[in-house]
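J.: One structure coming up, written as structure tokens, with questions to follow.
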Amino acid sequence: MAQLDLNDIVAFIAVAREQSFTRAAAQLGVSQSALSQTIRGLESRLGLRLLTRTTRSVAPTDAGERLLLHLGPHFEEIESELQALAELREKPAGNIRITAAEHAADTVLWPALRKFLPDYPDIKLEVIIDYGLTDIVAQRYDAGVRPGGQVTMGMIAMRLGPDLRMAVVASPRYLARRPLPKTPQDLTNHNCINLRLPTHGGLYAWEFEKGRRELKVRVEGQLTFNGTTPMLNAALAGFGLAYVPEDLALPHIAAGRLNRVLEDWCPPYPGYHLYYPSRRQHSRAFALLIEALRYRG
């Protein structure tokens, strides 16, 4: 059997349902003669008459009725789904999945989302807290949030906030019992509160920089967490030194609950960026979210 053109089937279904070449041609946006030629070609390739034509009416034959009965509903489903996709492109609705570390979710995502979401009740956001360098394509995320220096090559990246700094902090009570660390190497003599990363189950190495000198220090201590908030709480309770985002520590430093050390070894680094794989064919919902998150500082 010769290969069939799906457009020919669409043309047949339109004529069979309208029982009129004139109305079907108007619906399809083609001339009546072109439509008639399409149907004749389809019948020729099938070797079956699909429509009975008279001067007053058009009706499906038995073969045409069977074709309409079995194929018509499938084409309706296809049309319905294509229409739904078109609406999804234009209407701000749908699901968006983002992966972000806890601090990024708290400081850059949530402040923007709490203003954005009430205006778009049909947009649903799922934010997954994850400290790993997630492959957002493989894990079926729409986007991720990471510091600018950690964004994967080939991704589109958009700044979400200002540059960041880290801070090494401990309670005055803890530091009263130990000599103050003067260099990152001195941390090996301290009880440090570790952060466990999901990537290979490893412990995060504290990163320092001074001038052109860069150091990564593997610290040890009694406590390990997989989030920054419990690390900060443990430091406040006097259990050791914690390496946390500066903005989390500053209120406690100002209140005297924490002291900072090695400040000159903690320079600013690129702030949080939203990253995603392509600029093309964004849903209306995702395009609006990008604008809502864009850093304008």
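Since every read-out is calculated from the coordinates, none of them should be taken as a lab result. Quick caveat: nothing in here was measured; it's all calculated off a predicted structure. Please note: Cβ atoms are built from the backbone with ideal geometry, for glycine as well, and neighbour counts cover all protein chains shown.
J.: Please report, ordered by residue number, every helix of the chain (full DSSP H runs) that is 15 Å or longer along its axis going by C-alpha atoms and whose mean Kyte-Doolittle hydropathy reaches -0.5.
T.: Working: long enough: 6-18 (18 Å, 1.11); 32-46 (21 Å, -0.35); 62-90 (42 Å, -0.37).
Helices passing the filter in the chain: 6-18, 32-46, 62-90.
J.: Short version: ³J(HN,Hα) in whole Hz for each residue of region 164-170, in order, from phi by Karplus 6.51 cos²θ - 1.76 cosθ + 1.60 (θ = phi - 60°), x for Gly and Pro, what are they?
T.: So the Karplus estimates, Gly and Pro as x, are 10, 9, 9, 9, 9, 9, 7 Hz.
J.: Going by how many other beta carbons lie within 10 Å of each one, how would you line up Val15, Val219, fewest first?
T.: Values: Val15 28, Val219 21.
Fewest to most other Cβ atoms nearby, the residues stand as Val219, Val15.
J.: Using 1/(1 + (r/R0)^6) with R0 = 25 angstrom and r between the beta carbons of Arg140 and Ala93, what's the FRET efficiency to the nearest 0.05? Could you put the intermediate results ahead of the total?
T.: Values: r = 19 Å, r/R0 = 0.74.
Here the calculated transfer efficiency is 0.85.
J.: Could you state the number of Å between the C-alpha centres of region 97-117 and region 1-55?
T.: Distance between centres, Cα-based: 54 Å.
J.: Could you pull out every residue, at least 5 positions away or on a different chain, whose amide H is within less than 5 Å of the one on His273? Hs are placed 1.01 Å off N in the peptide plane, and Pro or chain starts have none.
T.: Residues meeting the criterion, in which the H sits 1.01 Å from N, are Arg146, Gly148, Leu160.
J.: Now for a different question. Looking at [x] 31.7, 105; [y] 20.2, 69; [z] 18.7, 60, which value of Rg and Dmax of the Cα atoms in Å comes from a calculation on the structure shown?
T.: The value matching this structure is [x].
J.: Can you tell which of Ala11, Leu50, Leu258 lies farthest toward the positive end of the dipole of the chain, using +1 and -1 charges on the Cβ of basic and acidic side chains (Lys, Arg; Asp, Glu)?
T.: After comparing all options, I get Leu258.
J.: If you don't mind, there's one more thing I want to ask. Which of the lysines could a cross-linker bridge to Lys91, judged by Cα under 26 Å and excluding same-chain residues fewer than eight apart?
T.: Within reach: Lys115, Lys124.
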